[in-house]
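The values are calculated or read from the model by the stated rules, or taken from the named source; none is laboratory data. Bear in mind that the values here come from a model prediction, so they are computed numbers and not experimental data. Virtual Cβ from ideal backbone geometry, glycine too; neighbours counted across all protein chains shown. In case anyone asks, the SASA skips ligands and DNA or RNA and just uses the protein heavy atoms, side chains included. Shrake-Rupley method; radii C 1.70, N 1.55, O 1.52, S 1.80 Å.
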Amino acid sequence: MKAQLRRLRTNLAYFFREGFKNIFVNGFMSFAAMSVLAACILITGSFTLVAYNIGVMIEDLESQNEIAVYIDDTVPREEAIKLEYQLKKIDNVDTIEFVPKEDAFEDYLEELGDDAYIIEDLREDNPLRDGYKITMKDISLHGETVKEISDIAGVGETISRKDISDKLLQIKNVVNAISMALIALLGAVSLFIVANTVRLALFYRREEIAIMKMVGATNSFIRMPFVVEGTIIGFLSGVVSYYAQYFVYKYITDKLIAGASFIEVVPFDAFSGTLFMTVTFAGVVIGLIGSVFTIQKFMKV
Amino acid sequence: MIKISEVFKTYDNGTKALKGVSLTIEDGEFAFIVGPSGSGKSTIIKLLAAELRPTSGKVNINGYDVGSLHQKEIPYLRRTIGVVFQDFRLIEKKTVYENVAFVMRAVGAPSRVIKKRVPYVLDLVGLLHKQRRYPTELSGGEQQRVAIARALVNNPNVIIADEPTGNLDPARSLELMMLLEKINSLGTTVVVVTHEKELVDQFAKRVIAIDGGMVISDKMGGYYESAAQTSQN
Ligand SMILES: Nc1ncnc2c1ncn2[C@@H]1O[C@H](COP(=O)(O)OP(=O)(O)O)[C@@H](O)[C@H]1O
Ligand SMILES: [Mg+2]
């Protein structure tokens, strides 16, 4: 047991030493692979961040896209207030705000501004109805949610902009589809790059590999340094792309804020941790998969 | 122990390289395998190293049955044999020491053991003083001795040398054979493939003659002439 542990430690040290050595032996190729890989992750990251910002903006717009619910005149105030419990039971309902008709009247007055005097006389005999303002969790369920609300006894009318929901949804879908396609494409490119780097390292060391096989090194023992190499390259690419992303994001958001102050962007710090974890993880996974598959093919002798 | 029984080997392209070879080499023996070019000698070596599998018949070496061996067991079979080739197959960018140490590392030996064992085998082949040199700085004979040190370092049961003197002049060839004889006297089985008649004749060893994929003679001493005659008849 002790001897096994010692052997494992010896081997691990060997794998890492050889893996690092491979990177330096094929210095230029490793550097090129790392740069391209980092660029791929950076491009993917940038687009994801754009998509993320658009997503945040859309969410903001979504929360403004309320469903106005009006309660029948015949329902007394106490009953109208109690309807909130029923509305809450609808899964897709996010926030609910009760709007008594007095408040609605004030709002209306405010909207009219200078022309408010026109309806000022109606204050005593308020023709408006009590109601609710409701926001949804998922705007893709707009139609269903409105129907569920309308089905509640006492609800007289709902007014909402399904067309806006549909539009927002459409934008979201397009942005997501482009992100997905880009991630898939650049992921494939990245895998290809790692595979090629490892293939080159394998080719460069084919004599050594042949001799190792001849003297009875196991396939997994021969493979490991190359897997370590690919993984290290992937990891470093992830780290490099993170810092590149930092500068690109800062640069672009500074320009945006200076140019168009109405656009609000999420500050880098808000997602820096997650971003770092994601890009290094992506790098490691790409490095690992790329090298394992290449070697698997190469070692079939 | 090496035990080959009724082995046929037909390559994918239809070449019948071995046509019913049977031979046994006991532990501790020294044996030459001789025969003209294309007679099937290297094919036998490749079967012993499990680089090839027999088309039919049994190849048994150090307790491993090559024909039915699982892919995963092949490395462990290979650890029991040390192979030496005509073209040395050293790694040019590694020093003599590294060339030998590297194959110990390849089977997971701890560095403590490597540091003791490598100088020992380099001394055995008479090259300890050149351990920091690179292969290109050595003569052919010296390079082949490094290859032998490498074959020896993992302490195999058998050393198999395929035309080890093919690239050496007669004096170096003789030296190399004497080295292999010394290694044999220390307890390792040695099998040497060659087609050099003069060399074989200088040693009173077992000689297995192959021609056309068959064993045509198997006896002690310089036989080569008679083998040639047998094949003519
Ligand atoms: N990989 C191969 N594919 C097809 N034929 C081969 C292959 N290797 C060797 N041969 C043929 O098998 C025969 C025996 O070859 P080999 O064992 O190399 O002979 P030797 O080592 O005695 O010169 C020869 O006819 C050779 O051409
Ligand atoms: Mg041959």
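Miscellaneous remarks
- Accessible surface for B:His70 stands near 110 Å², nearest 10, in the context of the full protein assembly shown (1.4 Å probe).
- Using θ = phi - 60° and Karplus 6.51 cos²θ - 1.76 cosθ + 1.60, couplings along the range A:100-110 (whole Hz; Gly, Pro as x): x, 4, 5, 5, 4, 5, 4, 4, 4, 4, 4
- Tilt relative to chain A, helix A:77-88 - C-alpha long axis, 0 to 90 degrees, to 10: 20
- Taking every alpha-carbon pair in the range B:76-203 and binning the separations at 10 Å intervals from zero gives 13, 48, 33, 6, 0 percent.
- Nearest-20 debye value, chain A charge dipole, Cβ charges on Lys, Arg, Asp, Glu: 4780
- Å² of accessible area per residue within the range A:66-160, as computed with a 1.4 Å probe and no ligands counted: 62
- Within the range A:66-160, the ratio Rg/Rh, alpha carbon atoms throughout and Rh by Kirkwood, equals 1.02.
- Under 5 Å, built H, 5+ apart or other chain: amide partners of B:Gly221: B:Lys205, B:Arg206, B:Val207
- Mean separation of Cα contacts under 8 Å (6+ apart) over length of chain B, as relative contact order %: 27
- Set of lysines near B:Lys205 by C-alpha distance (under 18 Å), chain-local residues within fewer than 8 positions excluded: B:Lys41, B:Lys182, B:Lys197, B:Lys219
- In the protein assembly as shown, Rg over Rh equals 1.32, where Rg is the alpha-carbon radius of gyration and Rh the Kirkwood radius from pairwise Cα distances.
- Chain A, relative contact order [Cα under 8 Å, separation at least 6], %: 28
- Average Cα contact separation per residue, the range A:45-190, under 8 Å, 6 or more apart, as relative contact order %: 38
- Cα-based helix-to-principal-axis angle, B:170-185 vs chain B, degrees rounded to 10: 90
- Ligands, DNA and RNA aside, A:Thr280 has an accessible area near 10 Å² when probed at 1.4 Å.
- Farthest toward positive dipole pole in chain B [+1 Lys/Arg, -1 Asp/Glu at C-beta], among B:Met104, B:Pro54, B:Val153: B:Met104
- When the charge dipole of chain A is built from unit charges on Cβ atoms (+1 for Lys and Arg, -1 for Asp and Glu) and taken about the Cα centre, the candidate among A:Phe298, A:Val194, A:Ala177 whose Cα reaches farthest toward its positive end is A:Phe298.
- Considering only B:Gly40, A:Thr10, B:Thr24, and ranking their Cα positions along the charge dipole of the protein assembly as shown that arises from unit charges at the beta-carbon of Lys, Arg, Asp and Glu, the one farthest toward the positive end is B:Thr24.
- Tail weight of P(r) past 24 Å, computed on alpha-carbon pairs of the range A:1-136, percent: 65
- Accessible area of A:Met29 in the full protein assembly, 1.4 Å probe (Å², nearest 10): 60
- Along the range B:129-135 the Karplus relation, 6.51 cos²θ - 1.76 cosθ + 1.60 evaluated at θ = phi - 60°, assigns HN-Hα couplings of 6, 10, 5, 8, 7, 9, x Hz to successive residues, with x for each Gly and Pro.
- Exposure rank, largest accessible area first [A:Lys89, A:Lys133; 1.4 Å]: A:Lys89, A:Lys133
- Under the convention that each Lys and Arg Cβ holds +1 and each Asp and Glu Cβ holds -1, the size of the dipole of the protein assembly as shown around its Cα centre is about 6100 debye.
- Qualifying aspartates and glutamates (Cα of each under 15 Å from Cα of B:Lys58; at least 8 residues distant if same chain): B:Glu6
- Expected-Rg normalisation [2.2 N^0.38 Å, Cα atoms] applied to chain B: 1.01
- The long axis of helix A:219-259 is offset from the longest Cα principal axis of chain A by roughly 40 degrees.
- With θ taken as phi - 60° and the Karplus curve 6.51 cos²θ - 1.76 cosθ + 1.60 applied, the whole-hertz 3J(HN,Hα) list for the range B:32-38 is 9, 10, 10, x, x, 4, x Hz, x standing for glycine and proline.
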